[in-house]
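Undergrad: Before I ask anything, here is the structure I am working with.
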Amino acid sequence: MAQQLAIETSGLTKRFGDQKAVNSISLEVPSGSVFGFLGPNGSGKTTTIRMLLGLAEASEGEIKLLGTEIPKDLEKALPRVGALVEGPAFYPFMSGRNNLLRIDAADRFSDASTRIQRVEAALDRVGLHNAGNKKVHAYSLGMKQRLGLANALLKPRDILVLDEPTNGLDPQGTREVRNLIRSLSAEGITIFLSSHLLSEIEMLCSHVAVMSAGKIIAQGLIEDLRNEEPTRLILKTDDIDAAVETLKANRIGKAKILGDQITCEVDPALDVASLNAKLVRKKVSVKEIRLQRSSLEEKYVKLTGEGFEVVR
């Protein structure tokens, strides 16, 4: 049985004059997934998101949100989709609470009878309940990001589209947003998370699409993409010759040696504890032994020759 898709595009293209900002991309976002949309600034991510939400017209291609054609049946799909795109925009001299009340009142699909309760619940969920009466011009950038998330959560959603949701947040705020995303995912909401930060995608996402220069260059389960690249054994020892002989005896070869470190490609299922025991029996002094699994960064660099901004 085919996996149900929350977001699906086929041949999606956006031209600005002769330039293709988005070049015939086909996305498949499984329902219930936390899907990372990864790429450097200027790669076409935000333009793609704007087309998904009906904020920009596609030059070519097809879009489906929750099985509904966009933009043909936009009004049917959008009430089930929350979004934080290109940074939140609010009236600066109104309070955060009143901004949310105003936004909800302008939504003809909203229930006025539950408006106040929903606004209070959204503020509480993003940690802004005590700052709800504070004017937005006095909010930090991180607080504005949280208010934007509260806006996206004013109603029950099947999909949340988040464009750089941790932008401007301090480490504590970043952790809180990550925990919020995890809790929303646990409720079955599909999270479409756009970011240029590898660490954020790897911590949160089950699936990923990597975009570069308007094209999707890799897509799928994060684990599958990682496993396409080799796993390496890192062994540090002062007994290099004896260690290499032991590795060869265990059919581990093609070792690279740099100082006291031996590096070689191995099967991801290698039993490191068993190998360590064999080295010790051969009286090899082991200072460090571990597997180094491939990362999304390695995959991206191999595909494009470019690097990413990485937060450690």
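Undergrad: Please give the net charge around Leu225, taking every other residue with its beta carbon less than 15 angstrom from that of Leu225, where Lys and Arg add +1 and Asp and Glu add -1.
TA: Numbers: positive: Arg226, Arg293, Lys299, Lys302; negative: Glu28, Glu202, Glu223, Asp224, Glu228, Glu229, Glu297, Glu298.
Charge balance in the 15 Å sphere: -4.
Undergrad: Could you tell me whether the stretch 243-298 comes out rounded, prolate or oblate from its Cα gyration tensor? Rule is a ≥ b ≥ c as square roots of the eigenvalues, rounded for a/c under 1.5, then prolate if a/b exceeds b/c, otherwise oblate.
TA: Here the stretch 243-298 falls in the prolate category.
Undergrad: Per DSSP H run of at least 4 residues, take -39500 (n - 2.57); add these up for the chain, divide by its residues and hand me the 222 nm value, nearest 500 deg cm²/dmol.
TA: It lands at -9500 deg cm²/dmol.
Undergrad: What is the dipole size for the chain, taken about its Cα centre, with +1 at each Lys and Arg Cβ and -1 at each Asp and Glu Cβ, in debye to the nearest 20? Could the numbers behind the result be given before it?
TA: Working: 42 positive and 40 negative charges, 119 e Å.
Its charge dipole is roughly 580 debye.
Undergrad: In addition: So for the chain, taking the charge dipole from beta-carbon charges (+1 Lys/Arg, -1 Asp/Glu), which of Ile70, Gly173, Ile289 sits furthest toward the positive end?
TA: Value computed over the given set: Gly173.
Undergrad: How far, in nm, would the chain grow between Ser10 and Ser113 when pulled straight, counting 0.36 nm per residue and subtracting the alpha carbon separation?
TA: Length difference between fully extended and current span is 33.1 nm.
Undergrad: Determine which residues of the stretch 9-25 fall in the zone a paramagnetic label at Glu86 would reach in this model, i.e. backbone nitrogen under 16 Å from the point 7 Å along Cα→Cβ.
TA: 14-16, 21-22
Undergrad: Using only the Cα atoms of the stretch 94-181, build the gyration tensor, take square roots of its eigenvalues as a ≥ b ≥ c, and label the shape rounded, prolate or oblate: rounded if a/c is under 1.5, else prolate if a/b is larger than b/c, else oblate.
TA: oblate
Undergrad: Can I ask one more? Specify the inter-centroid distance of the stretch 140-166 and the stretch 198-245, based on alpha-carbon positions, in whole Å.
TA: 30 Å
Undergrad: How much length would be gained if the chain were fully extended between Ala121 and Asn179, taking 0.36 nm per residue of separation minus their Cα-Cα distance, in nm to one decimal?
TA: Going from the current span to full extension adds 19.2 nm.
Undergrad: For Met94 and Ala242, compute 0.36 nm times the residue count separating them, minus their Cα-Cα distance, and round to one decimal in nm.
TA: 46.1 nm
Undergrad: May I pose another question? List the GluC sites (Glu not before Pro) within the stretch 198-259 that fall in a DSSP loop (any state other than H, G, I, E or B) and whose Cβ has at most 16 other Cβ atoms within 10 Å.
TA: Those satisfying the criteria are Glu228.
Undergrad: Longest exposed-loop-site-free stretch of the chain, with chymotrypsin sites (Phe, Trp or Tyr not before Pro), DSSP loop and at most 16 other Cβ within 10 Å?
TA: The longest such stretch corresponds to 110-312.
The numbers here are math on the coordinates, done by the rules we state, and not lab data. Since the structure is predicted, the reported quantities are computational estimates derived from the model, not experimental observations. In this analysis, Cβ positions are derived from the backbone assuming ideal geometry, glycine residues included, and neighbour counts consider all displayed protein chains.
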